[in-house]
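I am attaching a structure below and will ask some questions about it afterwards.
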Amino acid sequence: MIARAVNHPMGNPPRGFLAGIRLAPGILPRHLHSYLYAAFVTVGLFAFVSFMQPYLMNVNLGLAPEVQGRTVAALNFANELIALCLVAPFGALADKIGRRALYACGFLWLAAGFLLYPQARTVAQLTGCSLFFSVGVAAVGTMLGTVLADTPQESSRGRMVGVAGFFQGLGAFTFVATLGMVPHWLTRAGVDELAAGRIALTIAAALGAVSAVVVLLGLKAGTPSASAPAMPLTRVLREGLAAARRNPRIWLACLLQFGSFGDRVVLGTFLMLRLQQGWLERGLSMADAASRARVPFIAAMASGLVTALVVGVLLDRIDRMRIGSAAMALAAASYLACGFIDDPSSGLLLGVAILLGVGQIAAIIAGQTLLGQEAPRDLRGAVFGLAGICASAAILFSNAIGGWLYDSVSRGGPFFLLAGVNFAICLFGIRLGRRRG
């Protein structure tokens, strides 16, 4: 989806303020600034709600530890099904009413969802809150990728994806590092854990409402096309698969999306759950356990910040397929190592978390950039749609199989699962590179 061309008096579209990014016709620097803020908050709120799920299950619901893995996996599975059903309608709606209107509505929906979460006292009520929240996730998540695709010229796509990835990682880092500490600070001040969780979620709701105003005022007005019917799922699959058969590099880009989004589930859900349960078993309170558990996650996000900028520049200079394969190899080794670490206080865990963040972010950025490079212009919607389906399939797969492994086999099970997936994708990339050479 490409923004309408607007003639600039100087003949060239303006540059952004970072990394020499050249903006698409009609996109101004202030539009870029507003988008980067939106990317920061969007992923920050996503990371925070994942961080708070174990807190809610322990404090609000009093759920037994042996069923928490399958419970959080079932919640995420249902959420992704809702989001998958809404991505295409939201994409078409954005083409009709404009990106900024839908983005703002999505942020308001998330704000309402954050206010609902503290009211949950049963698994059924938590499921209802989570499904409501997933509608807002689908709206802002769709706009996160759509506005990113609209913003740069093709020559700057790698750098733009890298800079956006940096701000997304910075959002996850900041929200977990600061907002995630609110329950700990409040309980130390004498507030009970139930009220402390409610206050933290209310602050998140306020940030969502403020962000709705920011994107409504800051993003580009108007719609990129006069008519944009939603592409049926069957057509997305048919045309996207046909393009991938003609160009195996599209297959690799889609597999990178599959692997990296599966990694995101394990890193954001099962690592947090495993660490919080580990600290609870050592006698810490829930607020203190959540505070300790956030440290490896913050380390992973911090390493991803640097990686996003470095890889974004490299992707405009080096074969994107090789970078993606290398990222999968690093992620496979890191997840394998993480699966064997049971002690949440282990010094090795911090180093492994850093490598996890590097591999995951590099794979996401490489996959998105490779898609933009290889997708035929007249089939770009179908190819990106296929990649989105692969990302959703990875989230469903990782939650369904990972949740069962976590509760029934081993807490390291989801990590071993993704290590195998990443290694297989790496082998495919190496084989494809050799065949091309």
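Readers should treat all values here as calculations from the given coordinates under stated rules, not as data from a laboratory. This is a predicted model, so every value here is computed, not measured. All Cβ positions, glycine included, derive from the backbone under ideal geometry; neighbour counts span all protein chains shown.
If one takes the longest principal axis of the Cα atoms in the chain, at what angle in degrees, from 0 to 90 and to the nearest 10, does the Cα axis of helix 413-436 lie?
20 degrees
Starting from the Kirkwood Rh over alpha-carbon pairs, what translational D in µm² s⁻¹ does the range 46-157 have by Stokes-Einstein at 4 °C and 1.567 mPa s?
My calculation gives 86 µm²/s for D.
Follow-up question, since we're still on this one. More than 22 Å apart: what percent of Cα pairs in the range 83-228 qualify?
More than 22 Å apart: 49 percent of the Cα pairs in the range 83-228.
Ordered by packing density, taken as the mean number of other Cβ atoms within 10 Å over each peptide's residues, highest first, how do 195-202, 63-70, 184-191 rank?
Listed from highest to lowest mean packing, they are 195-202, 63-70, 184-191.
With a 10 Å Cβ neighbour count serving as the proxy for reagent exposure, in which order, fewest first, do C426, C129 appear?
The fewest-first ordering by Cβ neighbours comes to C129, C426.
Using the count of nearby Cβ atoms within 10 Å as a rough guide to exposure, how do V409, V306, V135 rank from fewest to most?
Sorted ascending by nearby Cβ count, the order is V409, V306, V135.
Taking the chain as the reference, fit the longest principal axis to its C-alpha atoms, fit the long axis of helix 68-97 to the helix C-alpha atoms, and give the angle between the two in degrees, 0 to 90, nearest 10.
Between helix and principal axis, roughly 30 degrees.
Still on this structure, I have one more. Return, in residue-number order, each cysteine of the chain whose C-beta is not under 4.7 Å from any other cysteine's C-beta.
Flagged as lacking a Cys partner: C85, C105, C129, C338, C426.
In whole Å, largest first, what are the principal axis extents of the Cα atoms in the chain?
Extents along the principal axes, in whole Å: 64, 49, 39.
Taking only C-alpha pairs under 8 Å that are 6+ residues apart, what is the relative contact order of the chain in percent?
Computed over the chain, the figure is 24 percent.
Compute the acute angle (0 to 90°) between the alpha-carbon long axis of helix 248-265 and the principal axis of greatest extent of the alpha-carbon atoms of the chain; round to the nearest 10°.
Helix 248-265 and the main axis of the chain meet at about 20 degrees.
Among A139, A326, A387, whose mean-square fluctuation peaks in a Gaussian network model of the chain (Cα, cutoff 10 Å)?
Comparing A139, A326, A387 in the GNM, the peak value goes to A326.
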